[in-house]
Amino acid sequence: MLGHRGPLRRRSAATLVVCLTLIGLAGVAAGQIIGAKNSGHLTAFGPVSETDGFPVWYKDDTNRKLEFCVDQSDPLCGFLPGDVPDETKPLSFPENWPSEIFYFLAGSSATFPGGGSIAATLGLEATFVNGEPVAGDQIVFGRVRFVGKGLEPGRAYTITHPYGVDRLTSDGDGSLKFVEDVGIAAGQFGEALNSRIGPFLRWDPVVGPAAPAGYLGDPNVEHVITGSPYGTNLLKACVQLGAESDPATCAENDLFTVQGKYATNGGVEPTRATYSRSTNAGGTVDVFANSDVGTQSIEVSGTSVDPTRLRGELGHYVAHVDFDGPEPPASLKLSNVGDTPVSTKSVTVTDGVDGHATYDADSSTLTVNATSTDKVANPTLTASGYGTLAGGVLELRDVAAPLESVVVRSAAGGSASLPVDITGARFQAIPVRAFAGPDQQVLSAATGVTLDGSGSSGPIRSYSWEQDGGDPTQVTLTDAGTVTAKFDAPQVADDEDLTLHFRLTVTGAGGASTSMVTVLVRGSAPAAVANAGPDQTVDQDALVTLDASASTEATSYSWTQTAGPSVTLTGDTTAKPTFRAPKKAADFTFRVTARGAGGSSADVVTITTRPDVLTTAQVEYRRGTWRISGTSNVFGPGVTVSIHSGATATGTPFATAAVDALGDWQFRGSAPAPGTPARVSLKSSSGGQLLNVPVTVRN
């Protein structure tokens, strides 16, 4: 087994300039995580330090909490030559700060019996988006990294490690490189909690020597570890070199280097400091802050505020303090005096804003009422997106729909998000509308005559059909409580007709609606005679109306397309459906079937689209370059003009041009010189042609 000091020589953070969840090096191995992904074992991070802009600590689900180890003289901190710009001076941010520093770092390597090795690096790293210490660029990510050398080319290696199992494939040269960094967005320190790192690995206390007090281990000494959530406290890499029945070749090591310092600081994170006053002789400030759970000693102090201890539990702390003088303090300092060194953070003091917002739905009026806790200065209050409050009130009329809350900001820095309460009459539910269908004609004694209410609209709860009480003849309705009811028509003499009336009632949350339909029972009737109307010639892209209204004895219609490029018919069960003519010259054939009480018949109609009309504005060949432009009366997009040499538009064109939304087209470019005589011919995708057009040749 080989010793491994590799984890303390990291890849430079300056290469972290691409914000991706998975970042690889040159020749990154194809990777697959085997089994459930280990995540969620890092549970919390501490307040952000005012000194360096990083969280004071990170905590895992075993309640172990780690902080930076920043003592350059402490060998357990893992500093190496060159990590700090000026090693003769103490750390200071950002002038003398390392480009990367670790809360936690562990590593191991394993060598195969025939040669070749795999190294693993597991860590929680603090660095910067572009590698150099810059305020605002701070990132913290969890890293899982594997590097293999001298391996079998193109082989799948199964790597078992403390945080799971990965299957990676080596490159053709026998190398293997894989890096997974989770949490590389600037300032988004919680993203690292979703990495595979955690719980923190540490020296196994059962195996001597014991870890140095206050540390996970000594990064300069390999040791047996514990802490894997799977119990796999080792690095093991296996590859299948022979048949599946042959044993796999494996490299294994249970010794790791481990770096990490237990956190002694809780830090402090102020969340709000709000002042109140009613005279110019002083007032109060309410202070809120967060820190670690457990006993923390947090104090607040500042101009005109005496040092005062905050009260708190479960990581949340509060103070209610006096300030003296005519003006409130601009800021206060919070100090966790139990930390070594003491953690401090400044917080801006603002006024508080309170109020409410109401929307009267009847009058469409939004009213915002708000006040500041500063009763002396009475700072200006502004409702974001709406305007300034006058005397604490803003009334806006003709507001169709307000936002769910209104943010009111004070000139003294305070703000409040006021939820909008709605008053007025309750909105009515969507109404229902009954439609009993078109009037019908049926023959005497017809069976299964259908009344169809499917054209009704709205959130319908029930249907009810009934025959109008004034009809002289009663029929028996079946399925009268559904969307379609049926009945058998009565017997009527050949020379007589009988009119039946039916009422449909639909109900919903919005009330009820009724509709009437008439069914004419005829003793005898001729068959419907379909008339699809005259053939038409129309422009391309025009809205075309088909017309079967000249049909006789028809009570219903059904249209279908039988030939030509496919189009979409709107209203294909009406006498006059429509469609949009395509941008192409073609014939379109449609059949209409007209139905009536005495039978049905069909008729067809043909619609022809006109070819587009092409014109030219310039047809010129100058010094090897063509300049051809013109128009089409069928506008783009989707229309093109092909340009052919000679007097006909046959063969392969030497250029094409797209027609724009205004009908213009042009071609400018190199192509074969014109023949003699110099002529071109044009052909449009919409059918138009312009042949034997003279070319102006200029040298």
Considering the stretch 168-197, residues that are part of a strand (DSSP E or B) and among the aliphatic types (A, V, I, L, M), and then whichever is nearest to residue 135 (Cα to Cα), we arrive at 182
Listed by first then second residue, the pairs whose first member lies in the stretch 250-266 and is aliphatic (A, V, I, L, M), whose partner is not in a loop (DSSP other than H, G, I, E, B), with beta carbons under 6 Å and at least 6 positions apart or on separate chains, are 251/110; 251/111; 251/237; 258/106; 263/65; 263/66; 263/67
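Residues checked against (1) among the charged types (D, E, K, R); (2) open to solvent by less than 60 Å² (accessible area, probe 1.4 Å); (3) in a loop (DSSP other than H, G, I, E, B); (4) at pLDDT below 95:
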residue	(1), (2), (3), (4)
466	yes, no, no, no
470	no, no, yes, yes
480	no, yes, yes, no
486	yes, no, no, no
517	no, yes, no, no
533	no, yes, yes, no
544	no, yes, no, no
Considering the stretch 433-457 alone, what residues qualify as being closer than 30 Å to residue 509 by Cβ, open to solvent by 20 Å² or more (accessible area, probe 1.4 Å) and in a strand (DSSP E or B)?
433, 450, 452, 457
Return the residue satisfying two criteria in turn: it lies in the stretch 418-435 and is among the aliphatic types (A, V, I, L, M) and within 34 Å of the chain's Cα centre (by Cα), and of such residues it is farthest from residue 454 (Cα to Cα).
418
Specify which of the listed residues (282, 266) is open to solvent by less than 50 Å² (accessible area, probe 1.4 Å) and on the phi > 0 side of the Ramachandran plot.
282
Across (1) under 30 Å from residue 427 (Cβ atoms); (2) surrounded by 15 or more Cβ atoms within 10 Å (Cβ to Cβ), residue 511 clears everything bar (2)
Identity of the residue in the stretch 311-323, open to solvent by less than 100 Å² (accessible area, probe 1.4 Å) and either touching a helix residue (DSSP H, G or I) at 6+ places or on another chain (Cβ under 7 Å) or part of a strand (DSSP E or B) (or both), that ends up nearest to residue 283 (Cα to Cα)
323
Kindly establish whether residue 415 is open to solvent by 20 Å² or more (accessible area, probe 1.4 Å), at pLDDT 95 or above and under 34 Å from the mean Cα position of the chain (by Cα).
yes
Within the stretch 614-634, residues hydrophobic (A, V, I, L, M, F, W, C) and under 22 Å from residue 645 (Cβ atoms) come out as 614, 617, 619, 626, 628
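Here is a yes/no grid of residues against (1) open to solvent by 10 Å² or more (accessible area, probe 1.4 Å); (2) farther than 24 Å from residue 233 by Cβ; (3) touching an Asp or Glu at 6+ places or on another chain (Cβ under 8 Å); (4) in contact (Cβ under 8 Å) with a residue 60 or more places away in the chain:
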| residue | (1), (2), (3), (4) |
| --- | --- |
| 51 | yes, yes, no, no |
| 55 | no, yes, no, yes |
| 64 | yes, no, no, yes |
| 78 | no, no, no, yes |
| 95 | yes, yes, no, no |
| 99 | yes, yes, yes, yes |
| 110 | no, no, yes, yes |
| 128 | no, yes, yes, yes |
Restricting to the stretch 613-664, name every residue that is open to solvent by 10 Å² or more (accessible area, probe 1.4 Å), free of Cβ contacts under 8 Å to residues at least 60 places away in the same chain and of a type in the set (Phe, Trp, Tyr).
654
Can you tell which of 260, 267, 214, 227 is in contact with a Phe, Trp or Tyr (Cβ under 9 Å, 6 or more places away or on another chain) and farther than 23 Å from residue 122 by Cβ?
267
Residues of the stretch 29-49 being in contact with a strand residue (DSSP E or B) (Cβ under 6 Å, 6 or more places away or on another chain), crowded, with 16+ Cβ neighbours inside 10 Å, in a loop (DSSP other than H, G, I, E, B) and at pLDDT below 90, in sequence order, are 29, 38
For the stretch 332-351, enumerate the residues that are of a type outside the set (A, V, I, L, M) and surrounded by 13 or more Cβ atoms within 10 Å (Cβ to Cβ).
333, 335, 336, 338, 339, 343, 344, 345, 346, 350, 351
Restricted to the stretch 569-612, and to residues that are within 29 Å of residue 519 (Cα to Cα) and of a type in the set (Asp, Glu), which residue is most open to solvent (accessible area, probe 1.4 Å)?
572
Taking the stretch 232-261 and keeping only residues that are at pLDDT 95 or above and open to solvent by 50 Å² or more (accessible area, probe 1.4 Å), one is left with 236, 252, 254, 255, 261
Return the only residue of 134, 165, 144, 140 being in a loop (DSSP other than H, G, I, E, B) and on the phi < 0 side of the Ramachandran plot.
134
Residue list for the stretch 393-412, restricted to those being crowded, with 19+ Cβ neighbours inside 10 Å, among the aliphatic types (A, V, I, L, M) and either within 19 Å of residue 276 (Cα to Cα) or over 28 Å from the mean Cα position of the chain (by Cα) (or both)
394, 408, 412
One residue is enough: does the stretch 614-625 have a residue meeting the conditions at pLDDT 95 or above, within 27 Å of residue 543 (Cα to Cα) and in a strand (DSSP E or B)?
yes
Looking only at residues in the stretch 182-215 that are in contact (Cβ under 8 Å) with a residue 60 or more places away in the chain and in contact with a helix residue (DSSP H, G or I) (Cβ under 9 Å, 6 or more places away or on another chain), which one is nearest to residue 260 (Cα to Cα)?
215
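The values are calculated or read from the model by the stated rules, or taken from the named source; none is laboratory data. Remember, it's a predicted structure, so these values are computed and weren't measured experimentally. With ideal geometry, Cβ positions are generated from the backbone for all residues, glycine too; neighbour counts draw on all protein chains shown. Only protein heavy atoms, including side chains, enter the accessible area calculation; ligands, DNA and RNA are left aside. Shrake-Rupley method; radii C 1.70, N 1.55, O 1.52, S 1.80 Å.
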